[in-house]
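Participant: Sharing a structure here in structure tokens format.
FYI, it's all coordinate maths here, none of it is from the lab. Remember, predicted model here, so these are calculated numbers, not experimental data. Here the Cβ is made from the backbone with ideal geometry for all residues, glycine too, and neighbour counts use every protein chain on show.
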Amino acid sequence: MNSSNVSFQEPAKSFFHMLPTGAIRPAGWLYEQLQLQAQGLTGHLDEIWPDVGPNSEWLGGTGEGWERGPYYCDGLIPLAYLLQDERLIKKAQQWVEHALNSQGEDGQFGPRSNQDWWPRMVMLKALIQYYEATQDPRIPDFMTRYFRYQLAHLTQQPLRDWAIQRGYDNVLCVYWLYAQTHEPFLLELVALLEKQTLSWADYFENFAYKERQPTGDNNRLTHVVNVAMGLKAFAFHAMRDRNNRHQHLQAAKEAIATLMRYHGQVQGAFSGDEHLAGTDPTQGVELCAIVEFMFSLEQLICMFGAGQFADQLESLAYNALPTTITADMRAHQYDQQPNQVTCTIAKRNWTLNGDDSNIFGLAPHFGCCTANMHQGWPKLVQSLWMGTDGDGLAAIAYAPCTLQTRLANGTEVTLEETTSYPFEETVRFSLQLSQSATFPMRLRIPGWCKNASVTINGQQIGIVGQEAEQGFISLQRTWQSGDRVELHLPMEVREIPRPRDAIGVALGPLVFALRIGEEWTRLPDTPGFGDWEVRPMTTWNYGLSTPTDQSPADLYRVERGPLTMPPFGHEQTAVRIRTSGYKLPEWSLVQNSAGPVPSDARLPADSTPEAIMLIPYGCARLRIAEFPHVKSTAQA
């Protein structure tokens, strides 16, 4: 992928393009979720955590001067401008001004005590979002000076340590600036950065890490966050190697499939506690890896236009992301487990992490997630819609929002998306235009959905066979102000086969888990909003029996109710599934986690099924999400 014969070609055009920060505003439950974030850790972190407080070296102090300030800005800035929250905007501007004022005559910026390229990559991503929201003309000039400095010094001071695996975050920023300025030296810089960055294409083509990694082995090639960040590389390979887009698309799909085959978990993530950890549902996955996997998927969707990546993005956003943060957004975990039956300070089977890794708190185990978790929800909002050729709009993921944009001919478009998705099946769009306009609207049809239907102004249209390979349908018409589109995505309960003959349960984009009663205990003398242990108050060791002569519709009863706030709260969920489970007394704790899923569980002759409730994975901080498949003697 570093071939010199493509080094200085004009970059290939991406299939979609990102809309500016602020073009998409959250609404409905998504607005409430971002408000909780503003009222919780993101909105107050600088007040309760010294690493991003006033003494940060990024703010001119003598404190932490590496990645934590930039990580925080990468979520704080988009959140502030999406909500138009003046309190948060003031906080964000303080970081921006210090970064801009730190630039020397040579172009270098940031803390002088730390010359590492890596944290500057993150701060540049944050500054790009600031520019997109404000159009501050200082940002392109600032970045141009810095990239000239970087090009002049990279040969003598090459990427090192974490930057070797994460160099494509730098490439992303260079390509963004090239789209603004078309300075030829930027393409030279891209080629040099790629030469010094790990070849993720080779890594996945010759994937060598198919097992849980040895305990205590700190190999950066298996570090889960590095791997999640590395997946975006395929988008930039395609951008530079413009004649082989399809090849890079296939490589990206195969890379993700490889990770899910050997390390995948039921909630759509791949494990890593701190390192790739196999498929067992009591291995963890780091919160940093969730938000970075989401960001990589957003880049892949933009470059390739493949709905498959958006399906996975929704799986992470609506399952893995909310479950690892409390419903009030005031505490988080470092590691989550799909089968998580107790969150306490105790020894668990992590590859590297500490005993506090799955409690909820301010900075359990290590502070990277405390700093980096904030980007997940705001960047999802920014990726709900993308632009297409022909002044078109593409619905990437579904959630309530309002999109405002201006077409090339000056037509102003406001598109309101009203829905409780992923908790309901119907998504409604209404358009207001300053004048009638012809453009395509692409709607993603998720891979799990059968028999989707679309109506325009109440009239159903046929969608069978349209662009099925990419996962989108295209509505090409002359739109009038007041037009209404309704997309219906029927959700059927489906079982997800898991290793050891286990079963996951899903409905639409939501994975479901056993509802376990939760007892929360605040640890004494813990800062901020507190550190919390969570213990089960009800039985967790149930298996499911799924006779082959019965369909999921026969075994699982879906119940829907009002969507209350917070949207990912535990007590009253908008959708539930009732079914029967069988208690398995022999399935018990092993090393303070649920033991291995019994792979050959049998129903005793006198066994009695019990009514159990499944709730969305994102609402369950304690849960079983990969159930033993209990067999009768006749099934054995």
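Participant: Using a cut-off of 10 Å between beta-carbons, work out the net charge of the residues near PRO70 (Lys and Arg +1, Asp and Glu -1, PRO70 not included).
Facilitator: Once all neighbours under 10 Å are counted, the net charge is +1.
Participant: Using a Förster distance of 41 angstrom, determine the FRET efficiency expected from the C-beta separation of LEU523 and THR455, and round it to 0.05.
Facilitator: With a Förster radius of 41 Å, E is 0.20.
Participant: Which one, SER113, LEU59, LEU124, is farthest towards the positive end of the dipole of the stretch 53-197 when Lys and Arg carry +1 and Asp and Glu -1 on their Cβ?
Facilitator: It is SER113.
Participant: Here's a follow-up. Give me the dipole magnitude in Debye, nearest 20, for the chain about the Cα centre, with unit charges on the beta carbon: positive for Lys and Arg, negative for Asp and Glu.
Facilitator: Around 660 debye, computed over the chain.
Participant: Compute the signed sum of charges (Lys and Arg +1, Asp and Glu -1) over the other residues within less than 12 Å, Cβ to Cβ, of LYS347.
Facilitator: -1
Participant: Turning to a different aspect of this structure: Please give the length that would be gained between ARG428 and GLN247 if that part of the chain were fully extended, namely 0.36 nm times their separation in residues minus their C-alpha to C-alpha distance (nm, one decimal).
Facilitator: 61.6 nm
Participant: At 0.36 nm per residue, minus the direct Cα-Cα distance, what do ARG484 and GLU105 gain on full extension? Give it in nm, one decimal, please.
Facilitator: 131.0 nm
Participant: Then there is this: Helix 138-153: angle to the longest alpha-carbon principal axis of the chain, degrees 0 to 90, nearest 10?
Facilitator: On a 0 to 90 degree scale, this one is about 90.
Participant: Now for a different question. Just tell me which lysines come within less than 21 Å, Cα to Cα, of LYS253; anything on the same chain fewer than 8 places away is out.
Facilitator: Reachable lysines: LYS13, LYS210, LYS232.
Participant: Quick one: length gained pulling THR414 to SER588 fully straight, 0.36 nm per residue minus the C-alpha distance?
Facilitator: 57.2 nm
Participant: SER436 versus ALA553, label points 7 Å from Cα toward the beta carbon: distance in nm?
Facilitator: About 4.2 nm, to one decimal.
Participant: Something else about it: How big is the antiparallel share of DSSP beta bridges in the stretch 342-468, given as a percent to the nearest 5?
Facilitator: Once the DSSP bridges in the stretch 342-468 are tallied, antiparallel ones form about 85 percent.
Participant: Continuing with this model, one more query. Excluding residues on the same chain fewer than 8 positions from LYS450, give the aspartates and glutamates whose Cα lies under 19 Å from its Cα.
Facilitator: ASP311, GLU314, GLU424, GLU425, GLU467, GLU469, GLU486, GLU492, GLU495, ASP554
Participant: Taking the Cβ of LEU584 as the centre, find all other residues whose Cβ is under 15 Å away and add up their charges (Lys, Arg: +1; Asp, Glu: -1).
Facilitator: -2
Participant: Percent of alpha carbon pairs in the stretch 481-636 separated by more than 23 Å?
Facilitator: 45
Participant: OK, next. Tell me which lysines have Cα within less than 26 Å of LYS90's Cα, excluding those fewer than 8 residues away on the same chain?
Facilitator: The reachable lysines, counting only those whose Cα sits under 26 Å from LYS90, are LYS125, LYS379.
Participant: OK, next. Under the √(5λ) rule applied to the eigenvalues of the Cα gyration tensor, what semi-axes describe the equivalent ellipsoid of the stretch 385-488? Give them in Å, descending. Please report the intermediate quantities before stating the final value.
Facilitator: Numbers: eigenvalues 92, 45, 34 Å².
They are 21, 15, 13 Å, listed from largest to smallest.
Participant: Where nothing but the Cβ of Lys and Arg (+1) and of Asp and Glu (-1) is charged, how large is the charge dipole of the stretch 493-619 around its Cα centre, in debye to the nearest 20?
Facilitator: 300
Participant: Provide, as a two-decimal number, the C-alpha radius of gyration of the stretch 53-197 over 2.2 N^0.38 Å, N being how many residues it has. Please report the intermediate quantities before stating the final value.
Facilitator: Values: Rg = 14.6 Å, N = 145, 2.2 N^0.38 = 14.6 Å.
Ratio of Rg to 2.2 N^0.38 Å for the stretch 53-197: 1.00.
Participant: Just check the stretch 414-561 against the gyration tensor rule for me: Cα atoms, a ≥ b ≥ c as the square roots of the eigenvalues, rounded for a/c under 1.5, and otherwise prolate or oblate depending on whether a/b exceeds b/c.
Facilitator: Values: a/c = 3.12, a/b = 1.61, b/c = 1.94.
Taking the square roots of the gyration eigenvalues as a ≥ b ≥ c, the stretch 414-561 is oblate.
Participant: Distance in nm between label sites at GLN84 and ASP606, each 7 Å beyond Cα in the beta-carbon direction?
Facilitator: 6.8
Participant: Still on this model: Towards the positive end of the charge dipole of the stretch 104-258, with charges on Cβ (+1 Lys, Arg; -1 Asp, Glu), say which of GLN156, ALA255, ALA233 has the farthest Cα.
Facilitator: After comparing all options, I get ALA255.
Participant: Taking θ = phi - 60°, what integer Hz values does the Karplus form 6.51 cos²θ - 1.76 cosθ + 1.60 yield along the stretch 365-376, in sequence order, with x for Gly and Pro?
Facilitator: Each residue's phi maps through the Karplus curve to give 6, 8, x, 4, 6, 4, 7, 9, 5, 6, 6, x Hz.
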